[in-house]
Amino acid sequence: MTRLRGELLRLPLYLAGLTMLVPFYWMASAAFKPVPELTRNPPSFVPGDPTLDAFYEPAWDPGVRADQLVAGLFQRYQDVPGGFLRFMGNSLFVAAAITVLSLLIAALAAYALTKMDLPGRRVIFVVVVASMMIPWQVTLVPNYLIVRNLEWLNTYQGYIVPALAKAFVVFFLVQYMRSIPDDLVHAARVDGAGEFRIWWRVVMPLMRPALAAMAIFVVLAEWNNFLWPLIIVQDDTMANVPVALSRLNASNAFNPHNMAVIMAASLLTSLPTVIFFLAFQKHFTRGIALSGIKG
Amino acid sequence: MTAVLTEPPLTNGRTASRRRARLRRAVPGYLMLLPFAGLFLGFLIWPLLNALYFAFTDFNGVRPPSWVGTENFRRLWLDDPRFRKALVNSLIYVALAVTLTTAAALTLALAFRGTSWRDRVMRTIFFLPSVTSTIAVMLIWRWIFSGERFGLANTVLSWFGAEPVSWLSTPRWTIPLLVLMAVWGGCGYGMVIFVSGLNAIPEELYEAARLDGAGGWQQFRYVTLPQLRPVTTYVVITGLIGAFQVFEAVYIVFRAVSSVGGVQDGGLMLVPYLYDMGFTKFQLGYASAIAWTLFLIIFVISMIQLRVTRALREL
């Protein structure tokens, strides 16, 4: 009886959940609608005549200039080798590189701060934690100038190097590393292992859940990163997916054909992250929960 | 005298050599810290200080910066209607978005905190926007709120016989739409944190409350809410900080031909204004003054958080 009442009370929330999905559904269905159907009034909720034209348009003739507007997603960007796949490759490579490198760098720092008796380590940790409240946009202008002076605009280094020092990751890993018994480290030292070896062979394997949680965080954040690439990317070849999407959008607002292509691109951008999230959901929510509870 | 100086007492010599030994042992530790410390100083602390210096200069990125003292801040805070617009928009947006997102997150957490498959499915659904590409999501919203009759929002209106609204070019609607997007995109994240907070509350507290005759509402009011206070503080503070940094929603959904902030700057906020000044108008000194203003706002919020959590711990 009380269960039934509970379910009834939750009914509006179930409906809210359904409406949450509407934008996703709208994107997915628009990507498969033929262009005339996109502007039909009232709109069709189920693609009546599904097509892949938004992805690849067989009838498109590249010889006609005006046809730029009626090419599918994979036929655009004639001057970019690989087209849209190139942007996805850029995003993937940058996200993977930043994730691996920033996690290694942060884990080394966390080990030094928790497992070694460093003079001044408390001060260092406090500075790192305090830096978490610096909004990174404050560093936007100077970092742009640094990267420009290094001639890293429009390069992978320009994407990757400035993003490697992640105070939040150090903070999170330190919190987790504290729960690993010091005795393990002492025992390894007595056995004659060097610090680097202890870090890699003893501590890192025990850190796996924390590293997994942080890796998922960083991968998603970097895959979706927009403002920094927007500033340092100058030619289309180096764009990541969000920048490419925004350029598609800027070129032709509300041209229905263009919107179909944009929805196709959005679908292709979102799908990997959603699958990735569903596969690693447990690690992900644990990571969020831990960061929230410690705060 | 000299003898005393050249031959310090034995105990001191021992501590000195012990300190040296400690430092020697610490060398590998500092080496391990080095990559992080180098990048941290080079791409965070140094740029932060640089931004402060630029804020006191006139700088277009090509000619070397020239010192203008507090002129940028004076103009920004006293004499810039666009900045005032950006600040007021930010404050209204932040207040509405954080309040509504937090309330929605808590409601969802209370409703779907369990381990049944239905709860898990619902949690996943509400969390999906947090993992989807922000730009993709914003493009969908732009499509849904397009002014034409085939825009989904206008279709729904037409079911009720209402005339279509040109949502994106009506300044009055800009902030409400941004808030809607923020709640849609952010409630799942807060929900996850609240769920873990709820599940950490000891069951005995509820049993004790029930023994004292507390009903459902009273249990919520006198057990759940106080126990959740640190988690709530965290959700609110991170929400505030995140909301002050909003950029993509404004840039993608509302950018008009002439302005980053939408029609009549209806959606202009701090980071879009920073971007506009820095990277479309190349007034890097002025942009740095905006950046430091943003930093100061977030610094004050963080200090309040520290105070509040400390005060709560002492209670």
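The values are calculated or read from the model by the stated rules, or taken from the named source; none is laboratory data. This one's a predicted model, so the numbers in the text were calculated from it and none came from an experiment. Backbone-built Cβ (ideal geometry, glycine too); neighbour counts: all protein chains shown. For accessibility, only protein heavy atoms count, side chains too; no ligands or nucleic acids. Shrake-Rupley method; radii C 1.70, N 1.55, O 1.52, S 1.80 Å.
Summed over the stretch A:71-98, the residues that are assigned to a helix (DSSP H, G or I), touching a residue at least 12 places away in the same chain (Cβ under 8 Å) and surrounded by fewer than 22 Cβ atoms within 10 Å (Cβ to Cβ) give a count of 9. On inspection, residue B:253 passes the criterion of being under 22 Å from residue B:97 (Cβ atoms), in contact (Cβ under 8 Å) with a residue 24 or more places away in the chain, open to solvent by less than 10 Å² (accessible area, probe 1.4 Å) and among the β-branched types (Val, Ile, Thr). Which condition does residue A:40 not pass, out of (1) at the interface with chain B (Cβ under 10 Å from one of its Cβ atoms); (2) in a loop (DSSP other than H, G, I, E, B); (3) of a type outside the set (A, V, I, L, M); (4) open to solvent by less than 50 Å² (accessible area, probe 1.4 Å), if it passes all the others? Only one criterion in (1) at the interface with chain B (Cβ under 10 Å from one of its Cβ atoms); (2) in a loop (DSSP other than H, G, I, E, B); (3) of a type outside the set (A, V, I, L, M); (4) open to solvent by less than 50 Å² (accessible area, probe 1.4 Å) is unmet by residue A:40, namely (4).
When you check residue A:143 against the structure, is it at pLDDT 95 or above, within 23 Å of the chain's Cα centre (by Cα) and at the interface with another protein chain (Cβ under 9 Å from one of its Cβ atoms), yes or no? First the steps, then the outcome.
Values: at pLDDT 95 or above: yes; within 23 Å of the chain's Cα centre (by Cα): yes; at the interface with another protein chain (Cβ under 9 Å from one of its Cβ atoms): yes.
Taking the combined requirement at face value, the residue satisfies it.
Evaluate the following for residue B:304: is it aliphatic (A, V, I, L, M), assigned to a helix (DSSP H, G or I) and open to solvent by 40 Å² or more (accessible area, probe 1.4 Å)? Taking the combined requirement at face value, the residue satisfies it.
Filter the stretch A:196-252 down to residues that are of a type in the set (S, T, N, Q) and closer than 22 Å to residue A:273 by Cβ and give me whichever is farthest from the chain's Cα centre (by Cα).
Kept after step one, since they are of a type in the set (S, T, N, Q), are these residues of the stretch A:196-252: A:224-225, A:234, A:237, A:240, A:246, A:249, A:251-252.
In the following step, the residues that additionally are closer than 22 Å to residue A:273 by Cβ were identified as A:224-225, A:240, A:246, A:249.
On the way: A:224: 4, A:225: 6, A:240: 11, A:246: 16, A:249: 20 Å.
Out of the qualifying residues, it is A:249.
From the list B:167, B:143, B:173, the one residue that fits, being closer than 21 Å to residue A:224 by Cα, crowded, with 16+ Cβ neighbours inside 10 Å and aromatic (Phe, Trp, Tyr), is B:143.
Within the stretch A:267-287, if we keep just the residues that are over 14 Å from residue B:132 (Cα atoms) and more than 9 Å from every other protein chain (Cβ to nearest Cβ), the residue that is most open to solvent (accessible area, probe 1.4 Å) turns out to be A:282.
Looking across A:179, A:102, one residue alone is more than 8 Å from every other protein chain (Cβ to nearest Cβ) and within 20 Å of residue A:225 (Cβ to Cβ). It is A:102.
Of all residues in the stretch A:1-25, those that are more than 9 Å from chain B (Cβ to nearest Cβ) have Cβ atoms under 9 Å from Cβ atoms of residues that are open to solvent by 80 Å² or more (accessible area, probe 1.4 Å), 6 or more apart or on another chain, in A:25/A:45.
For the stretch A:113-134, give me each residue that is at the interface with chain B (Cβ under 9 Å from one of its Cβ atoms) and either touching a residue at least 24 places away in the same chain (Cβ under 8 Å) or over 27 Å from residue A:178 (Cα atoms) (or both). Once the filter is applied, which keeps residues that are at the interface with chain B (Cβ under 9 Å from one of its Cβ atoms) and either touching a residue at least 24 places away in the same chain (Cβ under 8 Å) or over 27 Å from residue A:178 (Cα atoms) (or both), the stretch A:113-134 yields A:113, A:115, A:116, A:128, A:131, A:132.
Of note, residue B:235 satisfies the criterion of being open to solvent by less than 60 Å² (accessible area, probe 1.4 Å), facing another protein chain (nearest Cβ under 8 Å), in contact with a Phe, Trp or Tyr (Cβ under 8 Å, 6 or more places away or on another chain) and assigned to a helix (DSSP H, G or I).
Check whether at least one residue in the stretch B:147-157 is in contact with a Lys or Arg (Cβ under 8 Å, 6 or more places away or on another chain) and either farther than 20 Å from residue B:97 by Cα or within 9 Å of another protein chain (Cβ to nearest Cβ) (or both), and report yes or no. If you could, list the steps in order and put the result at the bottom.
So the first thing to find is which residues in the stretch B:147-157 are in contact with a Lys or Arg (Cβ under 8 Å, 6 or more places away or on another chain), and the list is B:150, B:155.
Next, from what is left, pick out any that are either farther than 20 Å from residue B:97 by Cα or within 9 Å of another protein chain (Cβ to nearest Cβ) (or both): B:150, B:155.
Yes, some residue in the stretch B:147-157 is in contact with a Lys or Arg (Cβ under 8 Å, 6 or more places away or on another chain) and either farther than 20 Å from residue B:97 by Cα or within 9 Å of another protein chain (Cβ to nearest Cβ) (or both).
Here is a yes/no grid of residues against (1) polar (S, T, N, Q); (2) without any contact (Cβ under 8 Å) to a residue 24 or more places away in the chain; (3) under 20 Å from residue B:274 (Cα atoms):
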position	(1), (2), (3)
B:70	yes, yes, yes
B:78	no, yes, yes
B:82	no, no, yes
B:85	no, no, yes
B:91	no, yes, yes
B:95	no, yes, no
B:107	yes, yes, no
B:112	no, no, no
B:118	no, yes, no
